[in-house]
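Student: Questions regarding the structure given below will be posed in turn.
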Amino acid sequence: MLTVLGPVADAEPLWREALAEVSEATLLFAVCLPEHRAFVESRLTFIDAHPMFRMRLVGTPADAGPTTRLGPADLPALRGLYEDGAARQEIPDFFEDSMVDAGIYYGVRDAGELVAVAGTHVLTPGAAAVGNVYVRHDARRRGLAARVTAAVARALRERGIETIVLNVRQDNATAIRVYEKLGFVVHGEFLEGFARPRTS
């Protein structure tokens, strides 16, 4: 993953230095701010890029319904749930088994099967990033994404974590509405996607 933040004048030398260290065959996951895009695309060819919003939680969301705290014993069910999105390319990009043990994950079960989940990508004493939110395709439009996301956010607030963020694709209007109702507001935007260094 390659991420550079800051003013354009400071960022361009860092992008140049970082890209000098990778070969032309390297597949990168690049994240750049809108103001960096022209320079980055002069050096990288994006294969699958998505404009994203970074959203920040203001306040604490209300309890949206019953959920279950997930742990390592739930990993087989969690992997199975994410596989539901494989055909539609909706599997979370950056999920590792270790995130469940090290982070905070909540789910909803229906007839004993896990049908919705939300968790944390990053968890530190002062900040956290909510992610890996997924609802099984046949269980959507029941408010489950809001329920599990609210559960994670509330647990983070109970830990005293002030900065809680999440990332969402700008074209995912449904998810954005869900997050806004929970108290998330757009904090900024960026572009992310897989890319390769340009050969010329």
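The values are calculated or read from the model by the stated rules, or taken from the named source; none is laboratory data. No experiment lies behind these values; they were computed from the predicted model shown. Here the Cβ positions follow ideal geometry from the backbone for every residue, glycine too, while neighbour counts run over all protein chains shown.
Student: Can Gly193 be described as closer than 30 Å to Arg43 by Cα and not in a helix (DSSP H, G or I)?
Tutor: Details: closer than 30 Å to Arg43 by Cα: yes; not in a helix (DSSP H, G or I): yes.
Against the criterion (closer than 30 Å to Arg43 by Cα and not in a helix (DSSP H, G or I)), Gly193 qualifies.
Student: I'd like the full set of residues that are buried (at least 18 other Cβ atoms within 10 Å of the Cβ) and either aromatic (Phe, Trp, Tyr) or over 24 Å from Leu182 (Cα atoms) (or both), limited to the range 83-113.
Tutor: Once the filter is applied, which keeps residues that are buried (at least 18 other Cβ atoms within 10 Å of the Cβ) and either aromatic (Phe, Trp, Tyr) or over 24 Å from Leu182 (Cα atoms) (or both), the range 83-113 yields Asp84, Phe95, Tyr105, Tyr106.
Results for (1) of a type in the set (Lys, Arg); (2) outside the structural domain of Asn167 (by TED's automatic domain parsing); (3) touching a helix residue (DSSP H, G or I) at 6+ places or on another chain (Cβ under 6 Å), shown as yes or no for each residue.
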residue	(1), (2), (3)
Ser42	no, yes, no
Thr67	no, no, yes
Glu83	no, no, no
Asp93	no, no, no
Asp101	no, no, yes
Ile104	no, no, yes
Leu114	no, no, yes
Leu123	no, no, no
Ala127	no, no, no
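Student: For the subset of the range 51-82 comprising residues that are touching a Leu at 6+ places or on another chain (Cβ under 6 Å) and under 16 Å from Gly112 (Cβ atoms), which member is surrounded by the fewest Cβ atoms within 10 Å (Cβ to Cβ)?
Tutor: Checked the range 51-82; the qualifying residue surrounded by the fewest Cβ atoms within 10 Å (Cβ to Cβ) is Ala77.
Results for (1) touching a strand residue (DSSP E or B) at 6+ places or on another chain (Cβ under 8 Å); (2) more than 19 Å from His121 (Cα to Cα); (3) assigned to a strand (DSSP E or B); (4) aliphatic (A, V, I, L, M), shown as yes or no for each residue.
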| position | (1), (2), (3), (4) |
| --- | --- |
| Glu17 | no, yes, no, no |
| Phe39 | no, yes, no, no |
| Asp48 | yes, yes, yes, no |
| Ala62 | no, yes, no, yes |
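Student: Which residues, taken from the range 105-146, are part of a loop (DSSP other than H, G, I, E, B) and without any contact (Cβ under 8 Å) to a residue 60 or more places away in the chain?
Tutor: Applying the first criterion (part of a loop (DSSP other than H, G, I, E, B)) to the range 105-146 yields 105, 111-112, 124-126, 136, 140-143.
Hits for the range 105-146 are Tyr105, Ala111, Gly112, Thr124, Pro125, Gly126, Arg136, Arg140, Arg141, Arg142.
Student: Related question: Check Val185, Val152, Val135 and return the single one that is modelled with pLDDT of 95 or more, of a type in the set (Val, Ile, Thr) and within 23 Å of Ala87 (Cα to Cα).
Tutor: Val135
Student: Can you name the condition, by its number, that Asn172 falls short on among (1) under 13 Å from the mean Cα position of the chain (by Cα); (2) of a type in the set (S, T, N, Q); (3) closer than 25 Å to Leu75 by Cβ?
Tutor: Every condition holds for Asn172 apart from (3).
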